[in-house]
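Asks: Dropping a structure here in structure tokens format, bear with me for questions.
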Amino acid sequence: MPTALAVSPHLDDAVFSAGGTLAHLAGAGWGVTMATVFSASVRQPKGFALACQLDKGLPADADYMALRRDEDRAAASHLGIDEPVHLPFREAPHRGYGSAPELFAGLRPDDRIELNLADAFETLFRELRPDLILAPQAVGGHVDHVQVVRAIRAARPSAAVLWWRDYPYTVRHAEPQEPLRQTFAHCPGYEIRFDSTCEDRKAAACAAYTTQIGFQFGGAAQLEERLRDEGAVERFRLEGRLDVDLPPDARRP
Ligand SMILES: [Zn+2]
């Protein structure tokens, strides 16, 4: 059976943006792996990095990323996909980005992590040999998402890529920033519809990221409502030639 690899910047992005599709592929017998890039634990965080942990209601000495990796394992199991992969890169607040606005204000000149990411992605693609890659478009402009897009392109994957629209950034502003809009201009739109079972799996998987739900959505009930607004469809841009058939219901618009 074919295999798919979802490259998630943070512990939650792939599920929020493409969880229904991942459950749909797994349900059709595909091997599906989710690899999260910025999932390294950082001991004794300081400044803005520490604030990002404290504002989730966690004490300073908690291993914040270990909790989130556990949430990610639970999410993968709700989707019915393989045990997730966690790459040991540090999130932007540990790389010199000093405030929430800075996370969305373009790359720092000293943030060269793209090169390391591209190396790691080349290895991952070589080892997993996915037939299909799913990855972010960096809608919203978060610097970590932008670096993931740049590094995936630098790693020159041989498989087709379905670039997802980054939820919830897609709905947070009427016109979210899309710093890489030009990059995807040549890629046709592609939408994947899934059934209510996959919709339920996605909702359960999203809810598993308990440390993030309050901050991102205001609470579990609001998350549920927002997901209902999205419906049982996810929209992508397709780059490269799809050498495998996607399961029924998946289709170009
Ligand atoms: Zn993210």
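The values are calculated or read from the model by the stated rules, or taken from the named source; none is laboratory data. None of these values were measured; they are calculated from a predicted model. Positions of Cβ are generated from backbone atoms using ideal geometry, with glycine treated the same way; all protein chains shown enter the neighbour counts. The protein model used for the area step is the full one, side chains on, heavy atoms only, and it has no ligands, DNA or RNA in it. Shrake-Rupley method; radii C 1.70, N 1.55, O 1.52, S 1.80 Å.
Asks: On the basis of being small (Gly, Ala, Ser) and farther than 27 Å from residue 129 by Cβ, does residue 29 make the cut?
Replies: For residue 29, the condition - small (Gly, Ala, Ser) and farther than 27 Å from residue 129 by Cβ - is not met.
Asks: I've got another one for you. Could you look through the range 176-192, keep only residues that are in contact (Cβ under 8 Å) with a residue 60 or more places away in the chain and more than 12 Å from residue 136 (Cβ to Cβ), and pick out the one that is most open to solvent (accessible area, probe 1.4 Å)?
Replies: Once the filter is applied, the top-ranked residue is 177.
Asks: Sticking with this one: Those residues that are among the hydrophobic types (A, V, I, L, M, F, W, C) and either without any contact (Cβ under 8 Å) to a residue 40 or more places away in the chain or within 16 Å of the ligand (Cβ to nearest atom) (or both), I need them from the range 149-175; list them, please.
Replies: Of everything in the range 149-175, those that are among the hydrophobic types (A, V, I, L, M, F, W, C) and either without any contact (Cβ under 8 Å) to a residue 40 or more places away in the chain or within 16 Å of the ligand (Cβ to nearest atom) (or both) turn out to be 149, 151, 152, 155, 163, 164, 171, 174.
Asks: Right, something else. So which pairs qualify, if the first residue must be in the range 101-112 and in a loop (DSSP other than H, G, I, E, B), the second must be among the basic types (Lys, Arg), the Cβ gap must be under 8 Å, and the two must be at least 6 apart or on different chains?
Replies: Cβ pairs passing all conditions: 108/95; 111/95.
Asks: Follow-up. Out of everything in the range 125-145 that is buried (at least 22 other Cβ atoms within 10 Å of the Cβ) and assigned to a helix (DSSP H, G or I), what residue ends up being farthest from the ligand (Cβ to nearest atom)?
Replies: The extreme case among them is 143.
Asks: On the basis of being under 16 Å from the mean Cα position of the chain (by Cα), crowded, with 18+ Cβ neighbours inside 10 Å and away from the ligand (no atom under 16 Å from the Cβ), does residue 79 make the cut?
Replies: Against the criterion (under 16 Å from the mean Cα position of the chain (by Cα), crowded, with 18+ Cβ neighbours inside 10 Å and away from the ligand (no atom under 16 Å from the Cβ)), residue 79 qualifies.
Asks: Take residues that are out of contact with any Asp or Glu (no Cβ under 9 Å at 6 or more places or on another chain) and of a type in the set (Ser, Thr, Tyr) and tell me which of the helices (runs of 4 or more DSSP H) falling wholly in the range 157-253 contain 1 or more.
Replies: 169-172, 196-207
Asks: Look at residue 10 and say whether it is within 15 Å of the ligand (Cβ to nearest atom) and open to solvent by 40 Å² or more (accessible area, probe 1.4 Å).
Replies: Against the criterion (within 15 Å of the ligand (Cβ to nearest atom) and open to solvent by 40 Å² or more (accessible area, probe 1.4 Å)), residue 10 does not qualify.
Results for (1) within 16 Å of the ligand (Cβ to nearest atom); (2) over 22 Å from the mean Cα position of the chain (by Cα); (3) part of a helix (DSSP H, G or I); (4) more than 22 Å from residue 126 (Cα to Cα), shown as yes or no for each residue.
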| position | (1), (2), (3), (4) |
| --- | --- |
| 26 | no, no, yes, no |
| 34 | yes, no, no, no |
| 41 | no, no, no, yes |
| 53 | yes, no, yes, yes |
| 60 | no, yes, no, yes |
